[in-house]
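Working notes, structure below.
The values are calculated or read from the model by the stated rules, or taken from the named source; none is laboratory data. Treat the numbers as computed from the prediction; the structure is a model and nothing was measured. Virtual Cβ from ideal backbone geometry, glycine too; neighbours counted across all protein chains shown. Side chains are part of the model used for accessible areas, which takes the heavy atoms of the whole protein and leaves out ligands, DNA and RNA. Shrake-Rupley method; radii C 1.70, N 1.55, O 1.52, S 1.80 Å.
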Amino acid sequence: MYANDGFRELDRQECLRLLAKVPLGRIVHTRQALPAVLPVNFCLDAEGSVLLRTSAASELARAVDGVVVAFEADEVDTVAHSGWSVVVTGRASIVTDPAERARLARTGPRSWVAAPRDVFVRIQAELVTGRELVGGRTMYGVDLTN
């Protein structure tokens, strides 16, 4: 971001607070050496990790286990020209501990697509960045409402 560009940087706590408010985001990973982006429902764990639930047989589960991924979620008001975007970057891993799986089965995200066998994917929140655009005029004097 550039000074006076109309955006405000968000600190880690603000980013996590905003993420906790929305049910959908996008996971960014590599598929055949190309970027792949998938919409997913999610929730945050106590320490700020992003949790997904997907089919154990899914391409997503195979592609992200043990690799660094990005996760993005946002909220936009197109009428007011305002909103925010948060990106979490970190290593993704399949939760394998039976006790942790049992806990997440009770408290974690519910899959929107039923699968005979599912897994939880945890994305460690190693880098959390975000920015907010507030509707109105930028510091440049540009009217964003027209």
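Would you confirm whether or not region 79-86 contains a residue that is in contact (Cβ under 8 Å) with a residue 40 or more places away in the chain and open to solvent by 70 Å² or more (accessible area, probe 1.4 Å)? Taking every residue of region 79-86 in turn, none turns out to be in contact (Cβ under 8 Å) with a residue 40 or more places away in the chain and open to solvent by 70 Å² or more (accessible area, probe 1.4 Å). Filtering region 108-132 to residues that are modelled with pLDDT under 90, under 18 Å from the mean Cα position of the chain (by Cα) and open to solvent by less than 90 Å² (accessible area, probe 1.4 Å) leaves 108, 109, 111.
Take residue 12 and tell me if it is within 18 Å of the chain's Cα centre (by Cα), open to solvent by 90 Å² or more (accessible area, probe 1.4 Å) and among the basic types (Lys, Arg). Talk me through it step by step, then tell me what you get.
On the way: within 18 Å of the chain's Cα centre (by Cα): yes; open to solvent by 90 Å² or more (accessible area, probe 1.4 Å): yes; among the basic types (Lys, Arg): yes.
Answer is yes for this residue.
In region 50-78, the qualifying residues are those that are open to solvent by less than 20 Å² (accessible area, probe 1.4 Å) and in contact (Cβ under 8 Å) with a residue 60 or more places away in the chain, and the one that is farthest from residue 106 (Cα to Cα) is 60.
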